[in-house]
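Below is one structure, written out as structure tokens; the observations come after it.
The values are calculated or read from the model by the stated rules, or taken from the named source; none is laboratory data. Quick caveat: nothing in here was measured; it's all calculated off a predicted structure. Positions of Cβ are backbone-derived with ideal geometry, glycine not excepted, and every protein chain shown enters the neighbour counts. Please note that ligands, DNA and RNA were not included when accessible areas were found on the heavy atoms of the full protein model with its side chains. Shrake-Rupley method; radii C 1.70, N 1.55, O 1.52, S 1.80 Å.
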Amino acid sequence: MKIATIVGARPQFVKASPVSCAIAESNLRSRPPEVVIDEVLIHTGQHYDYEMSGVFFESLGLRSPKHNLGVGSGSHGEQLGKMIERLETALNTEKPELVLVYGDTNSTLAGAIVADRLHIPVAHVEAGLRSFNRRMPEESNRVLTDHLSSLLFAPTPTAVKNLEREGITAGVHLVGDVMYEAAVNHVEIAEEKSTILQRLEIAPKKFSLLTVHRAENTDDSARMSRILAAVLEISQVECVVWPMHPRTRQRISATSYEDLVADGAIKIIDPLPYLDMLLLEKSANVILTDSGGVQKEAMWFRVPCVTLRDETEWVETVESGWNQ
Ligand code: UD1
């Protein structure tokens, strides 16, 4: 069986890693050999900086993509349009029997739309998540992708219920969270290999870790100013480490940037490779984030988390008491 896996943005490289490993392992065990899965990786090129893409392939042991569509940045229409056009060509060349998509990015939706039009069944990993905030592009990406999918791999019972509420019950499988598997598989290696604490000259549990990249924060100047004011206040108490997403870097003015780095208590750094990020998360005193994945990793590592949003898809992290 031939599967085309479509990825494009940073969290998708993390999610695809345990699944690709499982496919490779099942191929080794496969008897008779005709049930072997031929997995072809297609990268839309949504994330293209080495720090946002290449380094993840290296640290997660992912194979290089067979196709890189080089779509890059742009408005939603431009990004989706280019992806749809180029994915159609790639899928027509590969002729897979199944298309596998992950999460909630524009790459996810573009993959689902093209597969649907070519009558190729879609499998969605991380199906059923909802923030119930339709102003988020991620929310419409999730809803539309789920409604185009034949196989829906839900990470939590909440996700299964969300699908049921929308009338989706066929093809739904409660499978658990692939990001948990990735974190468990890599955290020991991170502890052994990562030198991030030494490089930043910080001690475990003596710093806060911050990530901000959602458009609802970065593209709303009032929200962004409140976040920056809070970060400055926190930095009076303890050092704040901030691996800064390119979207956020584009939105922060030069003056704000200088205010933030002035007294050295806020360390603004480039986006981090996966292993360094896992070690920083595990070592942080508190995590502040608007990322979905980072909220969960905080809970798994038993680090208190403040989510910089009005709602979350991962309600279990709040119910467990680790996320506010
Ligand atoms: C995307 C996803 C979001 C996911 C996030 C993970 C959508 C709508 N959003 O948001 O769900 O949580 O990825 O990071 O798909 N840029 C670079 N270098 C890069 C990548 C991006 O400079 O390697 C810049 C581009 O100028 C772009 C901006 O960052 O304009 C935002 O990138 P984009 O792909 O639009 O979305 P993300 O904010 O990363």
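Scattering from segment 87-221 was approximated by placing one identical point on each alpha carbon and applying the Debye formula without solvent; log10 I(q)/I(0) at 0.12 1/Å stands at -0.64. Listed by chain and number, the lysines placed with their C-alpha closer than 27 angstrom to that of residue 2 are 15, 66, 82, 95; residues fewer than eight positions away on the same chain are left out.
If you roll a 1.4 angstrom probe over the protein chains with everything in place, what fraction of the accessible area of the chain belongs to carbon and sulfur, to the nearest %? C and S atoms contribute 53 percent here. The Cα center of segment 265-324 and the Cα center of segment 119-196 differ in position by 18 Å. Per-residue SASA remark: residue 269, around 30 Å² accessible (1.4 Å probe; ligands, DNA and RNA not included). Per-residue surface analysis assigns residue 193 an accessible area of about 140 Å², computed on protein heavy atoms at 1.4 Å probe radius.
Between residue 222 and residue 311, the modelled labels are 1.9 nm apart [label points 7 Å from Cα along Cα→Cβ]. Between residue 257 and residue 28, what's the calculated FRET efficiency when r is the beta-carbon distance and R0 is 41 Å? Round to 0.05. That pair, residue 257 with residue 28, gives E of 0.25.
With the simple spin-label model, which puts each label point 7 Å out from Cα in the Cβ direction, the residue 38 to residue 174 separation comes to 3.7 nm.
Tell me which chymotrypsin sites (Phe, Trp or Tyr not before Pro) from segment 248-324 have a DSSP coil assignment and no more than 14 other beta carbons within 10 Å of their own. Show your work: numbers first, answer last.
Numbers: sites: 257, 274, 300, 301, 314, 322; in loops: 301, 314, 322.
Passing both the DSSP loop test and the Cβ count: no residue.
Placing a label point 7 Å from the Cα of residue 144 along the Cα-to-Cβ direction, the residues of segment 62-89 with a backbone N closer than 18 Å are 71-89. Entry note, segment 221-324: relative contact order of 19 percent, from Cα contacts under 8 Å with a spacing of 6+ residues.
Distances over 37 Å make up what percent of all Cα-Cα pairs in the chain? Mind showing how you got there, number by number?
On the way: 8009 of 52326 pairs.
That tail contains 15 percent of the Cα-Cα pairs.
Taking every protein chain into account, the accessible area of the chain amounts to 45 square angstrom per residue (probe 1.4 Å).
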